[in-house]
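Scroll down for the structure; my scribbles are underneath it.
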């Protein structure tokens, strides 16, 4: 999945990617890095995408980082909670790569003006 | 193409991981325990991740398959669908479909698997089982702090309700870890908590006072009391409270986060996380592990022991970069082959170099640098050998992966045959060259199939014979020096060597006279003879292997050996001995027809010197007498149409093959033994019969490696029944 997301986004701009294979690894990474964007799946072992999102939004340093949350098809509760917890964009797996590209470019450019 | 292959092998890994979860779930079920929700969720996550990857590669109907399977597993983990024997069957069938689809993607000549009918099956059974919801709607979560509840995933909330509905207490454990040790710390804690209940979720708090630590609130459902849980936390920096009696929230996250950040200077730095599969290997175990259809009381591999490092607390470890947490690369075998070839060539050049120095030594006598050169070339040789060993190391994979596949076969076949079979494996961590593991899986599968087909008796017959009703197949791997021994043993009906002997006579493979003097071991080895096995009823009832000649040929191609022991009523044991790798082999360099060849030393039983006058002719075939048995001979020069060496004095014979299929290969000379790196032949040459590869042996000389399996089977076919005729018998 990480490879897939990378292959979709590569070539859309000057980007560098860091990968975390679990919620904990993401927390380790976020402790010393300030990414411009976070993409997370809801379904992660131990620390879920929603919990990671809450962590980011509560962190003074990271709270404004855009977060794209990928959820399982049909899980409306997960979607709603992700939205309420401050997800910037929500995608359902499988998603159209173009949608991801547009979402990421939009988030990285920031609000117009 | 490379990225396609990478994706395919990633899919394969996930499917194997999925299959392992299923096997564990089944083992728990047959042990009479409830399925561990973590296992079901792990199975779900494997497919969830897989679903993302299959969309990258256009492989058959894998997208549709993954989609339906994810829905099915999602329903199961959310309690909307029962996890019973039939749904497990369906999930195992999916594993087969993935495997077949991957095989078809790699080799389009392979059959296209029928995904469509599977899809309708999975949809039908889903519809037939309406949601059997438990306490979901009745259980109130009002007491749970909104801050926590709002980030529970649907699945976590479901597990929470299930625990409450089941009368378990919900506890919140607040714990603080060094950020870099969080993996080890979590594993340690998890193994303690899993014994007492279910870990529902981990909520990280962003208000840690130090950025090198992480604070977590862990929600646990447990039937144990607060004190028991508290006692289990001894040694941890943790506090615990019960939530669902007083309805209190964990509520520790309200503080203002104190965070200092390193400014990222990178352009558009993107962090990606996913539900992907952290590889969890079973800890190496000396004790046999049971898998398969009716395994009982099995500890779950991976649960409980991974990552716990007693006594590591408080020890200052050097800070790790996040990048170093998981660092693996996937490499195609061909790239390693290319490296290995280079090392082989380096070694050849080094050998030439050493010889040149030795020659120059005569003319440069007394020059001090010559001595230094000697020392330096020896150092270089050692380094090259080390380099070779390191590359070999990279090719090694544990056989456990293959054993998992075999566990599925056992499960499937025992079902099909209505037999109860338990597979016990050990030595899964034993490593073999990836290539050998690949080539070995078919022969092993064949042996397992035979064991279930013909070896293990029906439940009724086992009961009548006073045996335990469940048959047992044992699969053991262990390293012995430079080779690996794999034993496949069953406790079935065994093979009747007298019956085998009769069968060989009736099929005209041996004469009555020969049969009379056969030992039980020789008779058992008849199952490896071409033309011995058939699929008729007689063979089924005689309980012996089918297609074992093919198995033996395949094992020989891997420079391996196979042998059999069997006892009527007790069972059968196949013992395979395989080299650890084929990339480099010990070879015997020989000469025939004025050319050099090499043969794998492991396949050479012995080498002898003979006078031409000792050759006899029996029914038009040339033989020599070896320990009063006729050994058929073939001439290396004739196989390859090479000029014959003049003269009629002594000649050398190398005895190749096994047991009753011994053939003497006549060569002009035996030159030397050495380790050689084998290269595959280019297109055009790879179809030459009798040649398996090529190698360089110094001074720019390339020699061919003989395909002894092909030479022996050709010779045996030509000789027909002649290869075992006793010389005395013919003389009489």
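The values are calculated or read from the model by the stated rules, or taken from the named source; none is laboratory data. Remember, predicted model here, so these are calculated numbers, not experimental data. Cβ: placed from backbone, ideal geometry, glycine included. Neighbour counts: every protein chain shown.
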Per the filter on segment A:79-97, residues in a helix (DSSP H, G or I) and either at pLDDT below 85 or within 14 Å of the chain's Cα centre (by Cα) (or both) are A:79, A:82, A:83, A:97
Enumeration of residues in segment B:33-65 that are over 21 Å from residue A:46 (Cβ atoms), buried (at least 22 other Cβ atoms within 10 Å of the Cβ) and more than 9 Å from every other protein chain (Cβ to nearest Cβ): B:62, B:65
Scan segment A:3-11 and give yes if some residue there is touching a helix residue (DSSP H, G or I) at 6+ places or on another chain (Cβ under 6 Å), at pLDDT 90 or above and either at positive phi or within 7 Å of chain B (Cβ to nearest Cβ) (or both), otherwise no. no
Which one of A:18, A:51, A:46 is at the interface with chain B (Cβ under 7 Å from one of its Cβ atoms), at pLDDT 90 or above and in contact with a strand residue (DSSP E or B) (Cβ under 6 Å, 6 or more places away or on another chain)? A:51
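Taking the options B:393, B:385, B:404, name whichever one is in contact with a helix residue (DSSP H, G or I) (Cβ under 8 Å, 6 or more places away or on another chain), without any contact (Cβ under 8 Å) to a residue 40 or more places away in the chain and either in a helix (DSSP H, G or I) or outside the structural domain of residue B:448 (by TED's automatic domain parsing) (or both).
Testing whether each residue is in contact with a helix residue (DSSP H, G or I) (Cβ under 8 Å, 6 or more places away or on another chain), without any contact (Cβ under 8 Å) to a residue 40 or more places away in the chain and either in a helix (DSSP H, G or I) or outside the structural domain of residue B:448 (by TED's automatic domain parsing) (or both) leaves just B:385.
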Pull up segment B:185-210, narrow it to residues that are in a helix (DSSP H, G or I) and out of contact with any strand residue (DSSP E or B) (no Cβ under 9 Å at 6 or more places or on another chain), then point me to the one that is farthest from the other protein chains (Cβ to nearest Cβ). B:192
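Would segment A:56-66 turn up any residue that is within 15 Å of the chain's Cα centre (by Cα) and facing chain B (nearest Cβ under 7 Å)?
no
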Out of all the residues in segment B:139-163, which are surrounded by 21 or more Cβ atoms within 10 Å (Cβ to Cβ) and away from chain A (no Cβ under 14 Å)? B:163
Every residue in segment A:77-95 that is within 8 Å of chain B (Cβ to nearest Cβ) and more than 15 Å from residue A:2 (Cα to Cα), please. A:77, A:78, A:81, A:84, A:85
When (1) surrounded by fewer than 24 Cβ atoms within 10 Å (Cβ to Cβ); (2) in contact (Cβ under 8 Å) with a residue 12 or more places away in the chain; (3) not in a strand (DSSP E or B) are applied to residue A:52, the one that fails is (1)
Yes/no for residue A:108 being closer than 17 Å to residue A:15 by Cα and at the interface with another protein chain (Cβ under 10 Å from one of its Cβ atoms): yes
Any residue at all in segment A:96-105 that is more than 25 Å from residue B:80 (Cα to Cα), more than 8 Å from chain B (Cβ to nearest Cβ), surrounded by 19 or more Cβ atoms within 10 Å (Cβ to Cβ) and out of contact with any strand residue (DSSP E or B) (no Cβ under 6 Å at 6 or more places or on another chain)? yes
Residue by residue through segment A:67-76, note down the ones that are outside any loop (DSSP other than H, G, I, E, B), more than 7 Å from chain B (Cβ to nearest Cβ) and under 24 Å from residue A:6 (Cβ atoms). A:67, A:68, A:69, A:70, A:71
Hey, does segment A:31-43 have a residue that's more than 7 Å from chain B (Cβ to nearest Cβ) and without any contact (Cβ under 8 Å) to a residue 40 or more places away in the chain? no
Among the helices (runs of 4 or more DSSP H) confined wholly to segment B:1-116, which include 1 or more residues that are outside the structural domain of residue B:404 (by TED's automatic domain parsing) and under 23 Å from the mean Cα position of the chain (by Cα)? B:2-30, B:37-54, B:85-106
I'd like the full set of residues that are in contact with a helix residue (DSSP H, G or I) (Cβ under 9 Å, 6 or more places away or on another chain), within 17 Å of residue B:551 (Cβ to Cβ) and free of Cβ contacts under 8 Å to residues at least 40 places away in the same chain, limited to segment B:486-535. B:527, B:531, B:532, B:533
Looking at (1) touching a strand residue (DSSP E or B) at 6+ places or on another chain (Cβ under 7 Å); (2) surrounded by fewer than 19 Cβ atoms within 10 Å (Cβ to Cβ), which one does residue B:23 not meet, given that it meets all the others? (2)
